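Okay, structure first, notes after.
The values are calculated or read from the model by the stated rules, or taken from the named source; none is laboratory data. Computed from a predicted structure; not experimentally measured. Don't worry about glycine lacking a Cβ; one is built from the backbone with ideal geometry, like all the others, and counts go over all protein chains shown. Side chains included, ligands, DNA and RNA excluded: accessible areas come from the protein's heavy atoms. Shrake-Rupley method; radii C 1.70, N 1.55, O 1.52, S 1.80 Å.
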Amino acid sequence: SCSESSRITQRSHARNRSSKRCIGSYSQQSGWRWLPGWTGRCRLLIDTHCHLNFREPFPDTDAEIAFAKESGVEQLIVVGCDLESSRRAIELAEQHKEIFAVVGIHPNYSADYKTEWISEIEAMLRHSKVVALGEIGLDYHWDYATREQQYDVLKDQLALGDALNVPLVFHCRE
């Protein structure tokens, strides 16, 4: 699921920062270092895709945000997968200056889609802390929604994105 993979990814990145397999590493003395031999410093580190809006894997969002800050992450973009998680992403963005939101319908949530959801997503996109429409796209790996359902939702969201001229966060798998 979205939330499980996000938590695993965030924790594994944190554990592997000092690993030789990792592209970058962080230390309090030198900050972020990227690529072997590169001594430049990262000006601003942003987690561009997290799901702190999922309450079950992230029951203590304040602790997760503190962990990110301690690790050198200065901003987080919380991505919605459906209306509820999109609303929660905005709620978190309103509560924390370092959080921004992405709102939309993930392809795995397409089976329950109603066309009237587009007007609610449009209203969310007008919020000052919402930075993109997403996570939209196609996902043929899982069997949560048919290809036709996913395509219909994608088509409606692309039309909305075009009408509002907003950035898109695109999901595609298989």
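Of note:
- Per residue, the accessible area of segment 92-139 comes to 41 Å² when a 1.4 Å probe rolls over the protein heavy atoms.
- Under 5 Å, built H, 5+ apart or other chain: amide partners of A132: V103
- Remark: the S71-R173 segment gains 33.8 nm on full extension, using 0.36 nm per residue and subtracting the alpha carbon distance.
- Percent accessible area from carbon and sulfur atoms, segment 54-112, protein chains only, probe 1.4 Å: 46 percent
- 18 Å cut-off, amide nitrogen to a point 7 angstrom out along T146 Cα→Cβ, residues in segment 103-117: 107-115
- Segments 144-155, 61-72 sorted - mean Cβ within 10 Å per residue, highest first: 144-155, 61-72
- Taking the 1.4 Å solvent-accessible surface of segment 126-174 as the whole, the part contributed by carbon and sulfur is 53%.
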